[in-house]
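Encoded as structure tokens, the structure appears first; notes follow it.
The values are calculated or read from the model by the stated rules, or taken from the named source; none is laboratory data. Owing to the predicted nature of the structure, the values given are computational and were not obtained by experimental measurement. Counting neighbours? That spans all protein chains shown, and the Cβs are built from the backbone with ideal geometry, glycine included. Only protein heavy atoms, including side chains, enter the accessible area calculation; ligands, DNA and RNA are left aside. Shrake-Rupley method; radii C 1.70, N 1.55, O 1.52, S 1.80 Å.
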Amino acid sequence: MRIWLSKPFYEMLPYIYLLAGVCLLLASLYLDYWLWPTVCLIAGVVCLILGLFVWLRRRDFRRKRNPRS
């Protein structure tokens with residue numbers, strides 16, 4: 001099964017994950033109701049790790065594919 005995304009959205013996906021992670025981490029500082037700070041903290045860290053993972057995988061794949069860079 002393939003998921004088809006437009007090229008601009010696909011290229012921005014790691015940065016969207018990183019931005020979402022930073023926003024969730026900031027939200028965890030300001031929220032003070034029930035378990036929301038913990039939920040935002042965990043989701044923020046997961047988004048940051050996912051964004052870095054996708055960005056590093058793409059960088060490594062593109063370097064192997066194009067030996068000039």
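If you average 1/r across every pair of different Cα atoms in the chain and take the reciprocal, what Kirkwood value do you get, in Å?
Details: mean 1/r = 0.0735 Å⁻¹.
With all distinct Cα pairs of the chain included, I get 13.6 Å.
Given the peptides 42-48, 5-11, arrange them by the average over their residues of other C-beta atoms within 10 Å, most packed first.
Per-residue mean Cβ counts within 10 Å order the peptides as 42-48, 5-11.
Take the solvent-accessible surface of the protein heavy atoms, probe 1.4 Å, and return the percent of it on the chain that carbon and sulfur atoms account for. Don't skip to the answer; put the middle values down first.
On the way: 4350 of 6160 Å².
Of all accessible area on the chain, carbon and sulfur atoms account for 71 percent.
Relative contact order for the chain: what percent, with Cα pairs under 8 Å and sequence separation of 6 or more? Write out the running numbers ahead of the final one.
On the way: 49 pairs, mean separation 23.2, N = 69.
Once divided by the residue count of the chain, the mean separation gives 34 percent.
What does the accessible area per residue of the chain come to in Å², with a 1.4 Å probe and no ligands, DNA or RNA counted?
On the way: 6160 Å² over 69 residues.
Averaged over the residues of the chain, the accessible area is 89 Å².
Can you tell me the 0 to 90 degree angle between the C-alpha axis of helix 36-65 and the longest principal axis of the chain, rounded to 10?
For helix 36-65, the angle is close to 10 degrees.
Can you figure out the FRET efficiency of Ala27 with Arg63, using R₀ = 30 Å and their beta-carbon distance, to the nearest 0.05?
On the way: r = 35 Å, r/R0 = 1.16.
The calculated FRET efficiency here is 0.30.
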